[in-house]
Every structure is written in C-alpha cells, then in structure tokens.
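Structure first, then comments.
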Amino acid sequence: MNAIRWVRRVVFTVGVATVVTAGVLGAATAWARGGHGSAHDGYAQFRDAMAPGAFTEVTWEHVADLNTPLAADSGAFASLDFTMSTAGNAFTGADHFMVSHISFGYESEFSPYSGANVMSALGNTVTTLTFREGTGVSSFGAVFLDVEKMHTSALRAYDVHGQLLGTASAQPGPHLDTRPHGGSNAGYSFASIATSGALISKVEIIAGTCAVNGVWWFLDCNRVIENGAYKYDGVVMDNFIYAKPTSLTAVTAVPEPGLPAMLLAGAVMLGAVARRRLPGAK
C-alpha cells in the first residue's frame, strides 16, 4: 500500500508542476521626463512589440469630469474593457477615483506621459482592475509618475481563478529637479507583465505609499520600512496599455506533447513495481 500511495503522489506532483510553470515575463523601466521614444522608453518598446491594432491604450483624455471624485461605475469609465475598485478610506469612501489635468495640484511633481490627464484611486494606493466578464488579456502595462523609492509601486496579475501569475515592480526614476525641501520629479516608470498560457483576468496596481485624497491632498502614507528608514512615496498613474481582450473560453490549457502518455506509462511501470512488492504478488 505504501508503494501505491507513493505512485499517486508522484503523478499528482508532476501534474501540479506542469500548471505552475506557465511562462510569465515581468519587466520594468524608468526614464527621464521628455523621454518619449527614447531608448529608455519602456512604454513605447512594449507597444511597438505588438502588432498594430492588437492592443488598447487608456490615456484618460476621454474623461471630461476632472478634479472631482468619480465613482467606479460612473459613465466616465463605462467604455473601458475593465471595471475598477479600491478600498478607499473614511474621507473618500470605497471605489472612487479622480482624473486630473493639473496633476492633482502637483504639476512640478507629476509630469503626464501623454496628453494632460493623469489618474489615481482616492483614499488608497491599490487599484484593482477586473476585465469584463468572460475575458482576459495576455499582457498588461502601466505608466507610473514620480516613483522615488524601490518596492513602493508594482503590478500583480491574476488568472480567472485568482492564482497569481506574476509581479512587476516599477523602478525609481532619475530624480530630476531635486529641491531643497526634498521634493523631486522622478520622471516616468513603466511596469508590464506578459503571459503565455493563462490569460490575465485581474490586475492589482500599487501606486506608491501615500494615497491621493483629492487635489492638493495626499494622506494615509503607509509607512513602508526598509533598512530602518521610512519610505514615503506619492505616485499617480498615467497610461494603461494591454493586449486586446480575448474570450477565456477560447483559451484552454493544452498539455505538453506526449505528457499524458508519459504520465500513464510512468504510473503503469511504478504500479507494476509496487504490485511485485505486495504479499502474494507474482
């Protein structure tokens, strides 16, 4: 019996391994303001790697109600391929966002990557995107503005079952225009995740450690500590870019060629060995 249980464990372990080793690529870059189209422009490289018409860009320029709290289910976001949610706080309530054409009053801190509008969750640093029911994407990327500290801003991608597919951290920018009071403009940072196999159904976007509560109002700085020092980092978002959504039913897991036969043959062979060891077996 012990040998038979061992056979079952071997088959189960091999089966799990083929699921969790799906290919996931996370990438992150940071570059100076005005660096559009430069060798360091990670956003442009990500976009140019996809075929024309095979991706969607969200620049927030379509939003007309600026510098005012917007509910996640408002008409401003109705045309998007995804829904947005955030936990919020006591001041803002949950699931509220803001799009600003004046960088939330911090024009010297946040330089828009494209157009004039930038976006942030209100009252929380985490925005969760969920692609419309029955769809997912093979890649997703976002532009972060003024990332000044390591490990404060990132993407996390999940499949339809909630399994984490990958994480990509936004790299700190070059800290342009440092001022005596300690503020600076760290330029643009871009993080992206691409998968082969399972589609991305949900993305968590972590933007810094200080939540936007409104224009000229940052609050709720989560005190991230590294090497004994607090890491305060106010970050907002600009462009999102992702592969065109695909129906989840159109993507099915395909086993490696010959894997089912290999597993069956291995199980039969090990089963035969186990049977020989059982009392009375010939």
For the range 186-198, what are the residues that are buried (at least 23 other Cβ atoms within 10 Å of the Cβ) and part of a strand (DSSP E or B)?
-> TYR188, SER189, PHE190, ALA191, SER192, ILE193, ALA194
ALA49 fails exactly one of (1) open to solvent by 40 Å² or more (accessible area, probe 1.4 Å); (2) closer than 26 Å to ALA157 by Cα; (3) at pLDDT below 80, namely (3)
Which residues, counting only those in the range 116-147, are among the charged types (D, E, K, R) and buried (at least 24 other Cβ atoms within 10 Å of the Cβ)?
-> ASP146
Within the range 97-109, track down each residue that is touching a Leu at 6+ places or on another chain (Cβ under 6 Å) and either surrounded by fewer than 20 Cβ atoms within 10 Å (Cβ to Cβ) or modelled with pLDDT under 90 (or both).
-> HIS101
GLY35 passes all but one of (1) part of a helix (DSSP H, G or I); (2) surrounded by 12 or more Cβ atoms within 10 Å (Cβ to Cβ); (3) at pLDDT below 50; which number fails?
-> (1)
Heads up, the strands (runs of 3 or more DSSP E) in the range 199-277 (entirely inside) with at least 1 residues that are modelled with pLDDT of 50 or more, under 30 Å from GLU133 (Cβ atoms) and charged (D, E, K, R) are 202-206, 236-243
Looking only at the range 65-84, which residues are among the hydroxyl-bearing types (Ser, Thr, Tyr) and closer than 18 Å to PRO245 by Cβ?
-> SER79, THR83
THR83 vs. criteria polar (S, T, N, Q), open to solvent by 20 Å² or more (accessible area, probe 1.4 Å) and within 22 Å of the chain's Cα centre (by Cα) | yes
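The values are calculated or read from the model by the stated rules, or taken from the named source; none is laboratory data. In this text, all values refer to a predicted model and were calculated from it rather than measured experimentally. No Cβ is skipped: glycine too gets one built from the backbone with ideal geometry, and neighbour counts run over all protein chains shown. Ligands, DNA and RNA are stripped out before the accessible areas are found, and what is left, the full protein with its side chains, is counted by its heavy atoms. Shrake-Rupley method; radii C 1.70, N 1.55, O 1.52, S 1.80 Å.
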